[in-house]
Amino acid sequence: AQSVTQPDARVTVSEGASLQLRCKYSYSGTPYLFWYVQYPRQGLQLLLKYYSGDPVVQGVNGFEAEFSKSNSSFHLRKASVHWSDSAVYFCVLSAGSSGSWQLIFGSGTQLTVMP
Amino acid sequence: EAAVTQSPRNKVAVTGGKVTLSCNQTNNHNNMYWYRQDTGHGLRLIHYSYGAGSTEKGDIPDGYKASRPSQENFSLILELATPSQTSVYFCASGDPRNNQAPLFGEGTRLSVL
(Lines give C-alpha, C1' and ligand atoms only; values in the text may rest on other atoms or scores of the structure.)
Protein backbone atom coordinates (compact mmCIF):
# COMPACT_ATOMS: atom_id res chain seq x y z
CA ALA A 1 0.00 0.00 0.00
CA GLN A 2 1.13 3.52 -0.66
CA SER A 3 2.07 5.86 2.16
CA VAL A 4 3.90 9.08 2.95
CA THR A 5 5.89 9.64 6.12
CA GLN A 6 7.05 12.96 7.46
CA PRO A 7 9.10 11.92 10.48
CA ASP A 8 9.40 15.36 12.02
CA ALA A 9 6.17 16.74 13.44
CA ARG A 10 7.82 20.01 14.50
CA VAL A 11 10.97 21.76 13.33
CA THR A 12 12.37 24.98 14.76
CA VAL A 13 15.13 26.94 13.08
CA SER A 14 16.58 30.41 13.36
CA GLU A 15 15.95 33.00 10.69
CA GLY A 16 18.65 32.85 8.04
CA ALA A 17 19.49 29.22 8.75
CA SER A 18 19.16 26.46 6.19
CA LEU A 19 16.25 24.06 6.30
CA GLN A 20 15.51 20.48 5.37
CA LEU A 21 12.10 18.88 5.87
CA ARG A 22 12.08 15.16 5.35
CA CYS A 23 9.61 13.08 3.39
CA LYS A 24 9.67 9.35 2.68
CA TYR A 25 7.17 7.61 0.44
CA SER A 26 6.16 4.06 -0.28
CA TYR A 27 4.76 3.32 -3.73
CA SER A 28 5.55 0.66 -6.30
CA GLY A 29 4.59 2.74 -9.33
CA THR A 30 5.85 6.00 -10.77
CA PRO A 31 5.37 8.63 -8.06
CA TYR A 32 4.08 12.11 -8.56
CA LEU A 33 5.21 14.09 -5.56
CA PHE A 34 4.32 17.49 -4.22
CA TRP A 35 5.07 19.81 -1.34
CA TYR A 36 2.36 22.12 -0.08
CA VAL A 37 2.42 24.84 2.55
CA GLN A 38 -0.48 25.81 4.79
CA TYR A 39 -0.53 29.11 6.64
CA PRO A 40 -2.88 29.54 9.59
CA ARG A 41 -6.56 29.48 8.63
CA GLN A 42 -5.76 29.12 4.94
CA GLY A 43 -5.87 26.41 2.30
CA LEU A 44 -2.94 24.46 0.92
CA GLN A 45 -0.65 26.21 -1.54
CA LEU A 46 1.62 24.37 -3.93
CA LEU A 47 5.33 24.88 -3.37
CA LEU A 48 6.69 22.50 -5.97
CA LYS A 49 6.02 19.30 -7.88
CA TYR A 50 7.98 16.38 -9.24
CA TYR A 51 6.82 14.22 -12.12
CA SER A 52 10.02 13.00 -13.77
CA GLY A 53 13.40 14.14 -15.05
CA ASP A 54 15.83 16.23 -13.03
CA PRO A 55 15.60 14.99 -9.45
CA VAL A 56 16.08 18.49 -8.08
CA VAL A 57 13.03 20.64 -8.61
CA GLN A 58 12.73 24.32 -7.90
CA GLY A 59 9.68 25.85 -6.31
CA VAL A 60 8.40 29.17 -5.14
CA ASN A 61 10.04 31.43 -2.57
CA GLY A 62 13.45 29.75 -2.83
CA PHE A 63 12.30 26.25 -1.95
CA GLU A 64 13.64 23.21 -3.73
CA ALA A 65 13.25 19.47 -3.29
CA GLU A 66 15.29 16.46 -4.27
CA PHE A 67 13.74 13.20 -5.40
CA SER A 68 15.62 10.00 -4.67
CA LYS A 69 14.22 6.77 -6.04
CA SER A 70 16.79 4.65 -4.25
CA ASN A 71 15.90 6.21 -0.89
CA SER A 72 12.19 6.67 -1.64
CA SER A 73 12.54 10.23 -0.46
CA PHE A 74 11.51 13.71 -1.49
CA HIS A 75 13.10 16.12 0.96
CA LEU A 76 12.35 19.84 0.92
CA ARG A 77 15.17 22.35 1.34
CA LYS A 78 15.72 26.05 1.62
CA ALA A 79 19.08 27.78 1.90
CA SER A 80 17.98 30.63 4.16
CA VAL A 81 14.62 30.73 5.92
CA HIS A 82 12.59 33.81 6.74
CA TRP A 83 10.18 34.30 9.62
CA SER A 84 7.32 34.28 7.10
CA ASP A 85 8.14 30.66 6.24
CA SER A 86 6.60 29.60 9.54
CA ALA A 87 3.74 27.31 8.54
CA VAL A 88 2.76 23.67 8.18
CA TYR A 89 4.33 21.77 5.28
CA PHE A 90 2.77 18.70 3.71
CA CYS A 91 4.38 16.16 1.45
CA VAL A 92 1.84 14.58 -0.90
CA LEU A 93 2.00 11.54 -3.18
CA SER A 94 -0.33 11.16 -6.14
CA ALA A 95 -0.76 7.49 -6.96
CA GLY A 96 -2.89 5.76 -9.53
CA SER A 97 -3.32 5.31 -13.25
CA SER A 98 -5.65 5.83 -16.20
CA GLY A 99 -7.13 8.99 -14.83
CA SER A 100 -7.92 7.59 -11.39
CA TRP A 101 -5.63 9.19 -8.88
CA GLN A 102 -5.51 9.23 -5.13
CA LEU A 103 -3.74 11.80 -3.00
CA ILE A 104 -1.81 10.43 -0.04
CA PHE A 105 -0.77 12.97 2.56
CA GLY A 106 2.02 12.99 5.04
CA SER A 107 1.08 14.06 8.53
CA GLY A 108 2.69 17.46 8.07
CA THR A 109 5.63 19.28 9.64
CA GLN A 110 5.05 22.42 11.67
CA LEU A 111 7.92 24.80 10.92
CA THR A 112 8.69 27.62 13.32
CA VAL A 113 11.28 30.20 12.34
CA MET A 114 12.74 32.07 15.31
CA PRO A 115 13.80 35.69 14.78
CA GLU B 1 -7.10 31.02 -13.95
CA ALA B 2 -7.35 27.54 -12.49
CA ALA B 3 -9.20 27.50 -9.22
CA VAL B 4 -11.19 25.50 -6.72
CA THR B 5 -14.01 27.36 -5.01
CA GLN B 6 -15.79 26.17 -1.92
CA SER B 7 -19.04 27.43 -0.48
CA PRO B 8 -19.97 28.36 2.09
CA ARG B 9 -16.72 29.45 3.72
CA ASN B 10 -18.27 29.28 7.16
CA LYS B 11 -21.31 27.38 8.37
CA VAL B 12 -23.05 26.89 11.68
CA ALA B 13 -25.47 23.99 11.74
CA VAL B 14 -27.68 22.35 14.35
CA THR B 15 -27.36 18.75 15.40
CA GLY B 16 -29.56 16.58 13.23
CA GLY B 17 -29.77 19.10 10.45
CA LYS B 18 -28.73 18.59 6.84
CA VAL B 19 -25.60 20.32 5.57
CA THR B 20 -24.36 20.54 2.00
CA LEU B 21 -20.86 21.73 1.22
CA SER B 22 -20.24 22.68 -2.38
CA CYS B 23 -17.08 22.65 -4.46
CA ASN B 24 -16.59 23.98 -7.96
CA GLN B 25 -13.47 23.65 -10.11
CA THR B 26 -12.70 25.35 -13.40
CA ASN B 27 -9.66 23.19 -14.18
CA ASN B 28 -11.34 20.38 -16.11
CA HIS B 29 -9.82 17.89 -13.68
CA ASN B 30 -11.27 14.43 -13.55
CA ASN B 31 -10.39 13.79 -9.94
CA MET B 32 -11.95 15.62 -7.01
CA TYR B 33 -11.56 15.05 -3.29
CA TRP B 34 -13.09 15.99 0.04
CA TYR B 35 -10.94 16.09 3.16
CA ARG B 36 -11.46 17.16 6.71
CA GLN B 37 -8.73 18.63 8.82
CA ASP B 38 -8.68 18.43 12.59
CA THR B 39 -5.93 19.32 15.00
CA GLY B 40 -3.71 16.31 15.52
CA HIS B 41 -5.08 14.38 12.52
CA GLY B 42 -3.78 16.17 9.46
CA LEU B 43 -6.00 15.79 6.38
CA ARG B 44 -8.27 12.77 6.19
CA LEU B 45 -9.99 11.67 2.99
CA ILE B 46 -13.78 11.44 3.18
CA HIS B 47 -14.90 10.87 -0.41
CA TYR B 48 -13.43 11.26 -3.85
CA SER B 49 -14.50 11.08 -7.47
CA TYR B 50 -12.90 10.06 -10.75
CA GLY B 51 -15.37 11.93 -12.89
CA ALA B 52 -18.97 13.01 -13.32
CA GLY B 53 -21.35 10.48 -11.85
CA SER B 54 -18.72 8.66 -9.79
CA THR B 55 -18.13 8.78 -6.06
CA GLU B 56 -15.85 6.61 -3.99
CA LYS B 57 -15.46 6.18 -0.24
CA GLY B 58 -12.30 7.45 1.33
CA ASP B 59 -10.85 6.61 4.70
CA ILE B 60 -13.58 8.14 6.90
CA PRO B 61 -16.86 8.10 4.91
CA ASP B 62 -19.27 7.33 7.74
CA GLY B 63 -21.86 10.07 8.18
CA TYR B 64 -21.09 11.64 4.81
CA LYS B 65 -22.40 11.31 1.30
CA ALA B 66 -20.99 12.78 -1.88
CA SER B 67 -22.40 13.81 -5.22
CA ARG B 68 -20.62 14.56 -8.49
CA PRO B 69 -23.32 15.72 -10.93
CA SER B 70 -20.86 17.29 -13.36
CA GLN B 71 -17.16 17.59 -14.10
CA GLU B 72 -17.07 20.93 -12.29
CA ASN B 73 -19.09 20.25 -9.14
CA PHE B 74 -18.55 17.93 -6.21
CA SER B 75 -20.71 18.19 -3.09
CA LEU B 76 -20.33 16.76 0.38
CA ILE B 77 -23.57 16.06 2.21
CA LEU B 78 -24.13 15.57 5.90
CA GLU B 79 -27.66 14.19 6.16
CA LEU B 80 -27.78 14.27 9.97
CA ALA B 81 -25.04 16.52 11.24
CA THR B 82 -23.39 15.73 14.57
CA PRO B 83 -21.03 17.80 16.75
CA SER B 84 -18.22 15.35 15.90
CA GLN B 85 -18.40 16.64 12.34
CA THR B 86 -17.29 20.08 13.45
CA SER B 87 -14.13 20.60 11.42
CA VAL B 88 -12.51 22.37 8.51
CA TYR B 89 -13.33 20.78 5.16
CA PHE B 90 -11.16 21.07 2.07
CA CYS B 91 -12.00 20.25 -1.50
CA ALA B 92 -9.32 19.53 -4.09
CA SER B 93 -9.11 18.66 -7.76
CA GLY B 94 -6.23 17.16 -9.72
CA ASP B 95 -5.05 15.43 -12.89
CA PRO B 96 -1.38 14.41 -12.71
CA ARG B 97 -1.35 12.99 -16.24
CA ASN B 98 -1.46 16.52 -17.58
CA ASN B 99 1.30 17.69 -15.25
CA GLN B 100 -1.28 19.58 -13.26
CA ALA B 101 -0.70 19.57 -9.55
CA PRO B 102 -3.72 19.21 -7.30
CA LEU B 103 -5.39 22.47 -6.36
CA PHE B 104 -7.15 23.09 -3.07
CA GLY B 105 -10.01 25.30 -2.06
CA GLU B 106 -9.77 27.74 0.82
CA GLY B 107 -11.73 25.51 3.13
CA THR B 108 -15.12 25.52 4.85
CA ARG B 109 -15.30 25.93 8.59
CA LEU B 110 -18.26 23.94 9.86
CA SER B 111 -19.53 24.11 13.43
CA VAL B 112 -22.30 21.74 14.46
CA LEU B 113 -23.98 22.84 17.68
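The values are calculated or read from the model by the stated rules, or taken from the named source; none is laboratory data. As the structure is a prediction and not an experimental result, all values here were calculated from the model. Backbone-built Cβ (ideal geometry, glycine too); neighbour counts: all protein chains shown.
Consider A:Lys49 carefully, then state whether it is charged (D, E, K, R) and either modelled with pLDDT of 95 or more or in contact with a strand residue (DSSP E or B) (Cβ under 8 Å, 6 or more places away or on another chain) (or both).
Taking the combined requirement at face value, the residue satisfies it.
Residues of the stretch A:4-55 being touching a residue at least 60 places away in the same chain (Cβ under 8 Å), under 25 Å from B:Glu106 (Cα atoms), part of a strand (DSSP E or B) and of a type outside the set (Val, Ile, Thr), which ones?
A:Arg10, A:Leu21, A:Tyr32, A:Leu33, A:Phe34, A:Gln38
Check B:Asn28, B:Asn10 and return the single one that is surrounded by fewer than 18 Cβ atoms within 10 Å (Cβ to Cβ), in contact with an Asp or Glu (Cβ under 9 Å, 6 or more places away or on another chain), touching a residue at least 12 places away in the same chain (Cβ under 8 Å) and within 13 Å of chain A (Cβ to nearest Cβ).
On the way: B:Asn10 fails: in contact with an Asp or Glu (Cβ under 9 Å, 6 or more places away or on another chain).
Answer to the check: B:Asn28.
So, in the stretch B:31-73, how many residues would count as being part of a loop (DSSP other than H, G, I, E, B), within 14 Å of chain A (Cβ to nearest Cβ) and under 25 Å from B:Asn99 (Cβ atoms)?
Selection size over the stretch B:31-73: 7.
Which members of the stretch A:57-79 meet the condition of being over 14 Å from A:Val4 (Cβ atoms) and either assigned to a strand (DSSP E or B) or without any contact (Cβ under 8 Å) to a residue 24 or more places away in the chain (or both)?
A:Val57, A:Gln58, A:Val60, A:Gly62, A:Glu64, A:Glu66, A:Ser68, A:Lys69, A:Ser70, A:Arg77, A:Lys78
Can you find, within the stretch B:74-109, the residue that is surrounded by the fewest Cβ atoms within 10 Å (Cβ to Cβ) among those that are within 14 Å of another protein chain (Cβ to nearest Cβ) and among the aliphatic types (A, V, I, L, M)?
So the residue we want is B:Val88.
Scanning the stretch A:40-56 for residues that are farther than 19 Å from A:Phe105 by Cβ and surrounded by 10 or more Cβ atoms within 10 Å (Cβ to Cβ), which turns out nearest to the other protein chains (Cβ to nearest Cβ)?
The selected residue is A:Ser52.
Determine if the stretch B:80-92 includes at least one residue that is over 30 Å from A:Asp8 (Cβ atoms) and in a strand (DSSP E or B).
Within the stretch B:80-92, none of the residues are over 30 Å from A:Asp8 (Cβ atoms) and in a strand (DSSP E or B).
Under the condition of being in a strand (DSSP E or B) and farther than 27 Å from B:Ser93 by Cβ, which residue from the stretch A:80-115 is nearest to the other protein chains (Cβ to nearest Cβ)?
A:Thr112
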